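To start, the structure itself, in structure tokens.
The values are calculated or read from the model by the stated rules, or taken from the named source; none is laboratory data. Keep in mind the model is a prediction, meaning the values are calculated, not measured. Please note: Cβ atoms are built from the backbone with ideal geometry, for glycine as well, and neighbour counts cover all protein chains shown. Keep in mind that these areas ignore ligands, DNA and RNA; they rest on the heavy atoms of the full protein, side chains included. Shrake-Rupley method; radii C 1.70, N 1.55, O 1.52, S 1.80 Å.
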Amino acid sequence: MNLPNKLAVLRIILVIPFVFILSFGLRIEGVGGFILRILAFWIFVGASITDFLDGYIARRDNLVTNLGKLLDPLADKILVLSALVVFTKNDQLSVWFVLLILFRELGITGLRSIAAAEGKVIAAETLGKWKTVSQIIAILIIILFPLGNVFGTFIMLIPLALTLMSGYEYYVNCKDILNK
């Protein structure tokens, strides 16, 4: 397994302590909760940095593999969706936001599977990359400032819009595959 794929696996592994620590950080009042949220914040930052690094190293060193094409977006989805589920469980985000994002992610995964069966790889589009960056920023803000459902929903408006727009863009770009 090459370094970029190891970084994607590390991102998946980091989800476990992230979810555990964030869950407690959102439930505990006062300084203790704040310290746990700061720790969760830095774990999420570290995991997000591996997202940038694995792609950068894979392209720079010509280490792009089929496993990496599977692991990288999977690790991203697991990381982001785990944060959103924790937020929903702790009344920091409306469940329908998470469902819309989940449906989009499952839809794109399905499109990628259909394309793979046709021998084609669907690379991440620019809008999809902006979606991921906006989700990461919004998640970090909510970790630091867990001010409730209305605030979390407001912070997630731009990421949600980019999520839906990029999902539509993937669909339009894959119409030929779907019509076979």
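So the values come out like this:
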| item | result |
| --- | --- |
| Per residue value of the accessible surface for segment 1-87 (all protein chains in place, 1.4 Å probe), Å² | 52 |
| Whole-Hz ³J(HN,Hα) from phi, Karplus 6.51 cos²θ - 1.76 cosθ + 1.60, for segment 13-26, glycine and proline x | 5, 5, 4, 4, x, 4, 5, 4, 5, 5, 4, 5, x, 7 |
| Coordinate range along principal axes, alpha carbons of segment 59-107, Å, largest first | 43, 20, 14 |
| Cβ-Cβ FRET estimate between ILE38 and ASN2, R0 fixed at 45 Å, reported to 0.05 | 0.85 |
| Mean separation of Cα contacts under 8 Å (6+ apart) over length of segment 1-73, as relative contact order % | 46 |
| The chain - percent relative contact order, Cα under 8 Å, separation 6 or more | 25 |
| Exposure ranking of ILE28, ILE57 by accessible area [1.4 Å probe, largest first] | ILE28, ILE57 |
| Fraction of accessible area attributable to carbon and sulfur, the chain (%, probe 1.4 Å) | 72 |
| Which of PRO17, VAL80, LEU111, positive extreme of dipole for segment 1-143 (C-beta unit charges) | LEU111 |
| Over segment 28-84, equivalent-ellipsoid semi-axes from the Cα gyration tensor in Å | 31, 12, 5 |
| TYR171/GLU29 FRET efficiency (R0 45 Å; Cβ-Cβ; nearest 0.05) | 0.55 |
| Solvent exposure of segment 126-169 as accessible area per residue, Å², 1.4 Å probe | 51 |
| Electrostatic dipole magnitude of the chain [Cβ: Lys, Arg +1; Asp, Glu -1; Cα centre; debye, to 20] | 180 |
| Alpha-carbon Rg/Rh ratio, for the chain, with Rh computed the Kirkwood way | 0.99 |
| The chain: calculated mean residue ellipticity at 222 nm from DSSP helix runs of at least 4, using -39500 (n - 2.57) | -28500 deg cm²/dmol |
